[in-house]
1. Once a ≥ b ≥ c are taken as the square roots of the eigenvalues of the Cα gyration tensor of the stretch 246-304, is the result rounded (a/c under 1.5), prolate (a/b larger than b/c) or oblate (a/b not larger than b/c)?
2. Once you have the Kirkwood Rh of the stretch 1-120 from its Cα pairs, apply Stokes-Einstein at 20 °C and 1.002 mPa s and quote D in µm²/s.
3. Nearest 20 debye, what's the magnitude of the dipole of the chain about its Cα centre given +1 on Lys and Arg Cβ and -1 on Asp and Glu Cβ?
4. Which value does Rg/Rh take for the chain over its C-alpha atoms, Rh per Kirkwood?
5. Considering only Cα-Cα distances, which of the following residue pairs are longer than 31 Å: Lys138/Lys344; Lys138/Lys233; Lys89/Lys447?
6. Gain in length, Ala107 to Arg261, computed as 0.36 nm per residue apart minus the alpha-carbon separation, to one decimal in nm?
7. Could you calculate the contour length gain from Asn269 to His58, that is, 0.36 nm times the residue separation minus the distance between their Cα atoms, to one decimal place in nm?
8. Using 1/(1 + (r/R0)^6) with R0 = 22 angstrom and r between the beta carbons of Ser46 and Ala179, what's the FRET efficiency to the nearest 0.05?
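The values are calculated or read from the model by the stated rules, or taken from the named source; none is laboratory data. Quick caveat, the model's predicted, so the values are computed rather than measured. Virtual Cβ from ideal backbone geometry, glycine too; neighbours counted across all protein chains shown. Please note that ligands, DNA and RNA were not included when accessible areas were found on the heavy atoms of the full protein model with its side chains. Shrake-Rupley method; radii C 1.70, N 1.55, O 1.52, S 1.80 Å.
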Amino acid sequence: MQTTAKGNEIKLLRKEILRLAWPTILEMLSGTVIWVVDTAMVGHLSAEALSAVGLGSHLAYSSAFIFGALGVGTTAMVSRFIGSKEIEKANFITGQSFIISALLGFAVFLINFAFAQNLILLFTRDIKVVELGTVYLKIASAGAAFYIAAMVLNSALRGAGNTIIPMYSVAIANIVNIAGDYLLIFGNFGFPRWEVKGAAVATAVAQVLCFLITVFYLFYGKGNLKMKLKYIKKLDIKTIKKLVILSIPASLEEISFNVSRLISTQWLNRLGTLSYAAHQVSVSAESISFMPGYAFSVAASTVVGQSLGAKDEKRAEAGSIEATKLAAILMSMVGIAFFLIPDKIINFFTDIPQVERLSSVCIKIAAFEQTTIAISMTLSGALKGAGNTQGPFRVVLISTWLIRLPLIFLVIFVFRKGLEYVWISTVIQYFFEALLMYALFKKGKWKKIKL
C-alpha cells in the first residue's frame, strides 16, 4: 500500500514537471526559429550586413543575458515564498526585481548607445561593417533594455509555476520580429527599405512587446503572482542585496561562458577556415538538443524552490531526480539521432561537402555528451532553485577553465590534432561536470539554505 502511494506521488510529481517543462521547450524552439529566420533574411543583403548584425546582436544580448541572470535569484525567492503560501512576499520580490532589472536595462542601453562604434571597432576594422554594426547596436540596445526586465519578470512567473505566459510573450514577440524583418529589411507592402536598420527596429519592437505582455499579465492576469504599484515605488536595499548576492554567480557564469567562447574561437581559427565553419555549423545543430535540458532545469528549479518553501525536502529531492531522469531520456534520444543520422541533420544547415563531412563527425561525437549535459543542466537548475547559486558556478568554472580549455589548447597547439578531437574534449568536460554537479547535489546542503 505504501509502495502504491509512493508511486502515485511520483506520477503526480512527474506530471507537474512535464507541465512546467513543455512550454519552456516551445519557448526556446521559437527563439531558435527567429534566429534562423533573422540570419536568413539579413543574409540576402550582403556579407557586411550579416557580420554587422551578428556583431551588434552579440554585443547587445550578451550584456542582456549577463544582467538578466538576476532572474535566477528572483526564481529562487519567488518559488520559496509561493511554496510557503506567502504570496504577498512573492509579489514584493517581483516588484523589487522589476525595479533593479529596469535600472540595469537602462544602464546597458546608455553604455551601448554611447560607445556603440568603439565596441564594434574592438572586433572589426571593416568600415562598412563598423558603420552598419553601430546603427544596429544603438537601436537593438533599446530592445535589450526591455528584454532584461522581461527575462527577470518571466523568471518570477516561472518561480510561481507559470511557464505558459513566458512562452506566449516570447512566441508572440518572435512572430512580430519575423513580420517586422520582412517588412522593414526589404521594404515590402509599402514599408521603408531599412535593411540592417530595419532588422534592428524589428528586434527592438519585438522585445518591447515581450516586456509589455508580461507586465500586463502581472498587473491584470488571473495568476496568484501580481505586480503591485506599492512594491515598485522604492527600492528595499536589504531585498535587492539578497537578490544580487543570489544572482551574481549566475551572471559570472554567463561572463565566464562568453570569455571562454571568445578564447576558444581564437584558437579554433588556427585550424583553418574549413574547420571553423564546420565547428560553427556543428554548434548550431547541437544547440537544438539543449532545449530539453534547459526546460527541465527550469522545472527542477521551480519544484525545488516551492517544495522547500513548503518545508518538504523529500519532494524537493524527488522532483530534482525525476526532472533529471526525464531530461536525460529526451537528450539521450537526441544523442541517438546525432549518432545514427548526423549527415541528415547537418545537411539542414549546410550543403558544402567538406564542411558537411567534418560537421557530421563532430555531431556524431556530440552524441556521447547529451546525457551528461542533461544531468549537469537539470541538477544545476535544482540547486539554483534552492538558492545554491555559488556551487553550480564553481562546478562550471572548473569544467570550463581547468578541463575544457586546457584540453582544447593541448589538442590544437601541442598534439596538433583536428576539430574532431576538440569535440572529444567537450565530451570529457561534460562527463566531469555532470559528476561534480551530482556530487554537489548529493551532499544535500542545499536543502538547508534559508532565503
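1. It is oblate, given that a/c is not under 1.5 and a/b is not larger than b/c.
2. 117
3. Working: 43 positive and 25 negative charges, 380 e Å.
Result for the chain is approximately 1820 debye, rounded to the nearest 20.
4. Ratio of gyration radius to Kirkwood radius for the chain: 0.97.
5. Numbers: Lys138/Lys344 39 Å; Lys138/Lys233 29 Å; Lys89/Lys447 21 Å.
Table pairs above 31 Å Cα-Cα are Lys138/Lys344.
6. Details: separation 154, 0.36 × 154 = 55.44 nm, distance 2.48 nm.
Taking Ala107 through Arg261 to full extension adds about 53.0 nm, to one decimal.
7. 74.1 nm
8. Values: r = 22 Å, r/R0 = 1.02.
In this case the efficiency is close to 0.45.
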